[in-house]
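Below: one structure, written as structure tokens.
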Amino acid sequence: MLFAASNTNPISPLLARLFGLVLALTALAPLQAGAQSLPPEVDAALARAKVPRDAVTMLVADADGVRPPRLAWRSQAQVNPASIMKLVTTYAALDLLGPAFVWTTPVYVDGPVQGGVLQGNLYIRGQGDPKLVIERLWLLLRRVQGMGIRSIEGDIVLDRSAFEVPDTDPFAFDGEGLRPYNAVPDALLVNFKSVVMTFVPNRATQTAQVTYEPPLAGVAMQATVPLSAGECNDWRTSLGGDFNDPARIGFTGSFPAACGEKEWPVAYSNPRSYAARAIGGLWIEMGGRIKGAVREGQVPAELRPAFELSSPPLAEVIRDINKYSNNVMAQQLFLTLGLQQKRRGSFEAARATVRQWWNDRIGTGEGQPVLDNGSGRSRDERITSAELAKMLQVAWRSPVMPELVSSLPASGVDGTLRKRALRGGGAAHLKTGTLRDAAGVAGYVHAASGRRYVVIAIANHANALAARPAFDALVDWAAQD
């Protein structure tokens, strides 16, 4: 807080909050400055990309928000930010939930354990954990076995009721429904609803061994594929994967021996049944037995958890979200904001939560973000570079600034910027965004002079992907002071 009430001159918390907001908005007022000319190197890169100037928004300003911006080009234009919208979701979450926030997945039993047999059902309640990957699912089931349970006389019941997510066709967004980035959020999101296939060539048998993680109950999985000669180019096409039948994963082609060992993650074709198949398959692989079925249902109100599996802390989760632009993890976090703040795990509640937070923390001016699912995987989300810069400047002064900045890809180091180093010194932590007709970067540039800048560059155009050299030129320009 900017002010604390004293015994001699008390200030109401509401008044202090309003006064602080006025000061913050006054400090950020320079972002409303008019447009300037683009740096020549940026202008030239846009021309080469055939992206017109009026299809981009660019802004460079001090991170502390005191001085007028060095550059404000179409900063009031509402644009689709693509995955840059994850900045809003992750900062709001850090601010509202705290960096140490964790998700829990409680497990229940409704009967006694006798001779290694649970005389009843085992319940698993999903509460939105974005990182219930196969390793952590194994730990959960291992803890079940640690209770002395080797066989379940009843069912394994999966409670997914914490989130209200409409049924969505994973192919609807871009026709790539088998890509893991198109996974739909789920209160019990297991392993991103994906199967990772590993191909290991064996020249002696002229086959490649295929292993699957996780094993899916009731799904026939082809164990080997023939090897072929030639270079390892488009090896996935060469395999001729057939993933449309929920009861079978197979291949009609061959695997080039020159590829060596390769991995291929694929979203399961029937995502609604994925959790049941993955949990059932892993339980059997671990030596467990079940007399009943793995099915959906709700935990009876009278039951209390036998134990809870905790997720990694939020500060660690947002590193995955931002560095690798994980869409479904971002949507899980967005829905969690609604669940925690409004007691409803719906997109509507999440949007209301973030809008309220934005008004309280950033301001109520024009250009506020238009929210959809909080991940940027949307044709409808919008924001202005001026408002996004305000948020980044507020975040720079906040207690959670280190967690937010460290979650962003570092230029030339990791994440989506691993291969994009600055040419002239300095460093940058930037969130990238890419859609069919939208691309950009936004975040912080640490200039060679020691100054820190907020840098935003977003293009909305059919050639947006070709504008990346222009974004890089702007970041380099900012780093040069």
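Return the residues of region 446-468 that are in a helix (DSSP H, G or I) and not aliphatic (A, V, I, L, M); say none if nothing qualifies.
Going through region 446-468, the residues in a helix (DSSP H, G or I) turn out to be 464-468.
Selection gives ARG468 alone.
Of the numbered conditions (1) at pLDDT below 95; (2) closer than 19 Å to LYS323 by Cα, LEU408 satisfies every one except a single condition; which is it?
The number of the failed condition is (1).
Examine region 100-116 for a residue that is at pLDDT 95 or above, assigned to a strand (DSSP E or B), within 16 Å of GLY287 (Cα to Cα) and of a type in the set (A, V, I, L, M, F, W, C), and state whether such a residue exists.
Taking every residue of region 100-116 in turn, none turns out to be at pLDDT 95 or above, assigned to a strand (DSSP E or B), within 16 Å of GLY287 (Cα to Cα) and of a type in the set (A, V, I, L, M, F, W, C).
Among the residues of region 412-448, which ones are over 19 Å from the mean Cα position of the chain (by Cα), over 25 Å from GLY98 (Cα atoms) and small (Gly, Ala, Ser)?
GLY412, ALA421, GLY424, GLY425, GLY426, ALA427, ALA447, ALA448
Can you pull out every residue in region 257-284 that is assigned to a loop (DSSP other than H, G, I, E, B) and in contact (Cβ under 8 Å) with a residue 40 or more places away in the chain?
If we filter region 257-284 for residues that are assigned to a loop (DSSP other than H, G, I, E, B), which is where we start, we get 260-261, 268-270.
Across region 257-284, the qualifying residues are GLY260, GLU261, TYR268, SER269.
Could you figure out which of (1) open to solvent by less than 40 Å² (accessible area, probe 1.4 Å); (2) touching a strand residue (DSSP E or B) at 6+ places or on another chain (Cβ under 9 Å) isn't true of ALA350?
It fails just one condition, (2).
Here are some conditions: (1) buried (at least 24 other Cβ atoms within 10 Å of the Cβ); (2) assigned to a loop (DSSP other than H, G, I, E, B); (3) touching a strand residue (DSSP E or B) at 6+ places or on another chain (Cβ under 9 Å). ARG377 meets all but one. Which one does it not meet?
With respect to (1) buried (at least 24 other Cβ atoms within 10 Å of the Cβ); (2) assigned to a loop (DSSP other than H, G, I, E, B); (3) touching a strand residue (DSSP E or B) at 6+ places or on another chain (Cβ under 9 Å), ARG377 is out only on (1).
Would you be able to tell me the number of residues in region 166-183 that are touching a residue at least 40 places away in the same chain (Cβ under 8 Å), aliphatic (A, V, I, L, M) and open to solvent by 40 Å² or more (accessible area, probe 1.4 Å)?
So the count comes out to 1.
Read through the list (1) open to solvent by 20 Å² or more (accessible area, probe 1.4 Å); (2) among the aliphatic types (A, V, I, L, M); (3) within 27 Å of the chain's Cα centre (by Cα), then give the number of the only condition that VAL79 fails.
In the conditions (1) open to solvent by 20 Å² or more (accessible area, probe 1.4 Å); (2) among the aliphatic types (A, V, I, L, M); (3) within 27 Å of the chain's Cα centre (by Cα), VAL79 misses (1) alone.
Name every residue in region 334-343 that is part of a helix (DSSP H, G or I) and either over 19 Å from LEU408 (Cβ atoms) or under 8 Å from the mean Cα position of the chain (by Cα) (or both), in order of residue number.
Here is the first cut: in region 334-343, the ones part of a helix (DSSP H, G or I) are 334-342.
The answer is LEU335, THR336, LEU337, GLY338, LEU339, GLN340, GLN341, LYS342.
Got a number for residues in region 284-319 being in contact with a Leu (Cβ under 8 Å, 6 or more places away or on another chain), open to solvent by less than 30 Å² (accessible area, probe 1.4 Å) and under 26 Å from TYR181 (Cα atoms)? First the steps, then the outcome.
Within region 284-319, the subset in contact with a Leu (Cβ under 8 Å, 6 or more places away or on another chain) is 286, 288, 294-297, 309, 311, 314-315, 317-318.
Then drop every residue that is not open to solvent by less than 30 Å² (accessible area, probe 1.4 Å), which leaves 288, 297, 309, 311, 314-315, 317-318.
Imposing the further condition that a residue be under 26 Å from TYR181 (Cα atoms) reduces the set to 309, 311, 314-315, 317-318.
Matching residues across region 284-319 total 6.
Please determine whether any residue of region 137-157 is closer than 30 Å to ALA395 by Cβ, in contact (Cβ under 8 Å) with a residue 40 or more places away in the chain and surrounded by 15 or more Cβ atoms within 10 Å (Cβ to Cβ). Break it down stepwise before answering.
As a first pass, look at region 137-157 and keep what is closer than 30 Å to ALA395 by Cβ: none.
Within region 137-157 (the criterion being closer than 30 Å to ALA395 by Cβ, in contact (Cβ under 8 Å) with a residue 40 or more places away in the chain and surrounded by 15 or more Cβ atoms within 10 Å (Cβ to Cβ)), the answer is no, since none of the residues qualifies.
Which pairs do you get when a residue that is part of a helix (DSSP H, G or I), found in region 344-370, comes within reach of a residue that is crowded, with 18+ Cβ neighbours inside 10 Å and of a type in the set (Phe, Trp, Tyr), reach meaning Cβ atoms under 8 angstrom, with the pair 6+ apart or on two chains?
These pairs meet every condition: PHE347/PHE334; ALA350/PHE334; VAL354/PHE334.
I'd like to check something: does region 226-243 contain any residue that is more than 27 Å from GLY126 (Cα to Cα), among the hydrophobic types (A, V, I, L, M, F, W, C) and assigned to a strand (DSSP E or B)?
So far as region 226-243 goes, yes, one or more of its residues are more than 27 Å from GLY126 (Cα to Cα), among the hydrophobic types (A, V, I, L, M, F, W, C) and assigned to a strand (DSSP E or B).
The values are calculated or read from the model by the stated rules, or taken from the named source; none is laboratory data. Computed from a predicted model, the values in this text were never measured in an experiment. A quick note on method: Cβ atoms are made from the backbone with ideal geometry, for glycine too, and the neighbour counts reach across all protein chains shown. Surface areas here come from the heavy atoms of the whole protein model, side chains and all, with no ligands, DNA or RNA. Shrake-Rupley method; radii C 1.70, N 1.55, O 1.52, S 1.80 Å.
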